[in-house]
1. Every residue in the range 1-48 that is modelled with pLDDT under 80 and aromatic (Phe, Trp, Tyr), please.
2. With the requirement that a residue be surrounded by 10 or more Cβ atoms within 10 Å (Cβ to Cβ) and charged (D, E, K, R), what does the range 16-32 give you?
Amino acid sequence: MPIFKEKFEEIIANRIPEGLKEQVKMIFIELIDKFELVSKKDFEKQEKALEKALAKIEELEVIIKKNKGD
């Protein structure tokens, strides 16, 4: 993350007018927070989907074992 921060600071210093720098930083921080929330929600959805898939695999394993026993 330090490299990213250096690049961000460089961009802010070179491309953004002095009076807008703090506003740009605040907007950027807000966007990162929103992205992290979306990423976390996506991760939680994927985690739940994987848990359901694992449960289904376990059910199928039980069925296969029962069928082999018959």
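The values are calculated or read from the model by the stated rules, or taken from the named source; none is laboratory data. Note that the structure is predicted; figures quoted are calculated from it, not measured. Reconstructed Cβ throughout: ideal geometry from the backbone, glycine too, with neighbour counts over all protein chains shown.
1. Phe4, Phe8
2. Answer for the range 16-32, where residues must be surrounded by 10 or more Cβ atoms within 10 Å (Cβ to Cβ) and charged (D, E, K, R): Lys21, Glu22, Lys25, Glu30.
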